[in-house]
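A quick write-up on the structure given underneath.
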Amino acid sequence: MSPSDLGRVLKPFVFLDLIDADSKALSSFGLHPHSGIATVTHLFEGNVRYEDTTGASGLLPEGGVEWFKAGHGAWHGGGGGESSRARGFQLWLALPPEHELGPVESIYQAPEDIAQDGPARVLVGTHGTATSALKAPSSINYLAVRLKAGKSWRYQRPADHTVAWLALSAGGLTMPERIDAGELVVFKAGDTAIDFHADRDTDFVLGSAVPHPHDLVLGYYSVHTSPASLVAGERHIDEVRMRLQKEGRL
């Protein structure tokens with residue numbers, strides 16, 4: 001999904017990219033800018049390299065999380081890692097006005113740092129007994145779930161989380177409709193529990209949230225709540241671009 005289509009329905013979840021490629025295909029994924037959003041990257045398989053303009057760089061491992069809150073504007077990038085293949089998702093979260101031009105925050109979490117409740121890793125928010133260490137800008141749950149073939153699982157969303165969806169990267173679910181890898185499903189508003197049954201080993205992400213009540217004002221890599229904040233974010237992106245060019249990084 002992107003901010004110009006389904007992201008307008010599922011905001012604050014405004015962009016989702018399924019990563020499923022060999023390392024050679026990822027090797028040219030260089031530095032690029034964002035503002036007004038936070039990105040959350042999680043890998044079910046393999047690893048990738050990362051770097052950003054806060055000075056961080058390294059290897060994001062299988063099961064790890066990259067949290068990149070671009071705020072008023074920053075650049076990040078990476079590419080293929082040491083594994084032959086990488087599979088996972090990158091999500092964009094639209095930030096509310098009090099955060100969209102705020103400071104940049106980049107956090108890279110190892111698999112052992114991710115809170116877990118049963119088969120669900122809590123990437124952002126809270127589920128069951130587990131709470132993410134990441135500070136979400138609004139009421140958001142974002143989970144990565146691995147179900148073995150034949151296993152069932154239930155998600156009870158908070159009553160005010162009227163936005164809810166899931167996307168599969170591998171396997172298949174019945175709930176009772178059939179959902180296969182590569183598909184994204186949107187749930188109706190409501191506070192009833194959602195039940196899932198895996199008919200084979202399955203990896204998926206699930207998001208629920210209080211709706212983002214603001215307009216989406218779009219730049220090429222940016223999402224803001226007003227034209228003025230978009231201009232401010234893109235201005236700072238250009239300032240960082242000039243610094244990167246002087247350093248020979250672009």
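The values are calculated or read from the model by the stated rules, or taken from the named source; none is laboratory data. Note that the coordinates shown come from a computational prediction; the quantities given were computed from them, not determined experimentally. Positions of Cβ are backbone-derived with ideal geometry, glycine not excepted, and every protein chain shown enters the neighbour counts. SASA here: full protein model, heavy atoms, side chains in, ligands and nucleic acids out. Shrake-Rupley method; radii C 1.70, N 1.55, O 1.52, S 1.80 Å.
Annotations
- The peptide list 220-232, 32-44, 178-190, put in order of mean Cβ contacts within 10 Å with the highest first, becomes 32-44, 220-232, 178-190.
- Karplus-derived HN-Hα couplings along segment 97-111 (A = 6.51, B = -1.76, C = 1.60, θ = phi - 60°), whole Hz, x at Gly and Pro: x, 6, 10, 5, 10, x, x, 6, 9, 10, 10, 10, 9, 6, x
- Multiplying the residue separation of residue 178 and residue 149 by 0.36 nm and removing their Cα-Cα distance gives an extension gain of 9.0 nm.
- Taking the inverse of the mean 1/r over every pair of distinct Cα atoms in segment 38-133 gives a Kirkwood hydrodynamic radius of 14.0 Å.
- Simple point charges give the picture: +1 on the Cβ of Lys and Arg, -1 on the Cβ of Asp and Glu, and for the chain a dipole about the Cα centre of about 40 debye.
- Rounded percent of accessible protein surface that carbon and sulfur make up, segment 60-162, 1.4 Å probe: 49
- Radius, Kirkwood style, for the chain when every pair of distinct Cα atoms is counted (Å): 18.4
- Segment 53-79 and segment 1-33: distance between their alpha carbon centers, rounded to Å: 14
- Rounded to the nearest 20 debye, dipole of segment 133-182 from Cβ charges on Lys, Arg, Asp, Glu: 240
- Efficiency of FRET between residue 245 and residue 45 - r from beta-carbon atoms, R0 45 angstrom, step 0.05: 0.80
- Rounded to the nearest 500, the helix-only mean residue ellipticity at 222 nm of the chain stands at -3500 deg cm²/dmol, with each DSSP H run of n ≥ 4 adding -39,500 (n - 2.57).
- Amide H within-cut-off set for residue 19, under 5 Å, with H built and near neighbours excluded: 88, 89, 90
- Applying 1/(1 + (r/R0)^6) with R0 = 45 Å to the Cβ-Cβ distance of residue 201 and residue 162 gives a FRET efficiency near 0.90.
- Relative to the longest principal axis of the Cα atoms of the chain, the long axis of helix 227-246 lies at roughly 70 degrees.
- Rolling a 1.4 angstrom probe over the protein heavy atoms with all chains in place gives the chain an accessible area of 43 Å² per residue.
- Simple point charges give the picture: +1 on the Cβ of Lys and Arg, -1 on the Cβ of Asp and Glu, and for segment 15-134 a dipole about the Cα centre of about 160 debye.
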